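See below for the structure under consideration.
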Amino acid sequence: GRVLLAGISQGGAGVGRAAADLGGRVAGLVFLSPTLEVGVLGSAAFAAGWRGRPVLVVSGGADPHVPPASVDAGVAVMKAGGVAVTEHRVPAAGHFLFFAETERVTGWVADWLREVFVGQA
């Protein structure tokens, strides 16, 4: 109940697929500059396992490798399935947001973890 799945870039696709298979066996999901597969995230298996459960998505608004519109589509399908998505986007940031703004991103992750799993913002 305390294990999180996290993925950067194409690792986001892996997180989505694993989450669909694992359902409630992990505590939360973190997607960083992610490739989000709408078909997987919109599947019955993903929705059943993640409805009402915590997911964090962090991305750059100027990412040339993972277009913001594709992140928007993945977030929208998760929200439509009732997933508790928290999203942060840095408008001018590119694909390597985690490395370019490590302190900012890790701060968001830490705040999300406290809010979701400890109940403190």
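The values are calculated or read from the model by the stated rules, or taken from the named source; none is laboratory data. All figures in this text were calculated on a predicted structure; none of them were measured in a lab. Counting neighbours? That spans all protein chains shown, and the Cβs are built from the backbone with ideal geometry, glycine included. We work out accessible area using only protein heavy atoms, side chains counted, and drop any ligands, DNA or RNA first. Shrake-Rupley method; radii C 1.70, N 1.55, O 1.52, S 1.80 Å.
A cut-off under 14 angstrom between Cβ atoms defines the neighbours of Val109, and their net charge, with Lys, Arg +1 and Asp, Glu -1, is -3.
3J(HN,Hα) couplings calculated from phi for the stretch 28-33 with the Karplus curve 6.51 cos²θ - 1.76 cosθ + 1.60 (θ = phi - 60°) are, in sequence order, x, 10, 10, 10, 10, 6 Hz; Gly and Pro show x.
Around the amide H of Leu56, modelled in the peptide plane, lie the amide H atoms of Leu29, Val30, Phe31, Thr86, all under 5 Å away and 5 or more residues distant in sequence or on another chain. For the stretch 45-68 and the stretch 72-121, compute the distance between their C-alpha centroids and round to whole Å. Cα centres, the stretch 45-68 to the stretch 72-121: 8 Å. Here the chain carries DSSP beta bridges of which approximately 5% are antiparallel, counting only pairs with both residues inside. Accessible surface area normalised per residue over the stretch 18-61 is 32 Å², counting heavy atoms of protein chains with a 1.4 Å rolling probe. Hydrodynamic radius of the chain by the Kirkwood approach over all distinct alpha-carbon pairs: 14.0 Å. Here's the picture: charge each Lys and Arg Cβ at +1 and each Asp and Glu Cβ at -1 in the chain, and of Ser59, Met78, Ala100 the one pushed furthest to the positive end of that dipole is Met78. Each Lys or Arg adds one and each Asp or Glu subtracts one; over the other residues with Cβ under 12 Å from the Cβ of Val71, this totals -3.
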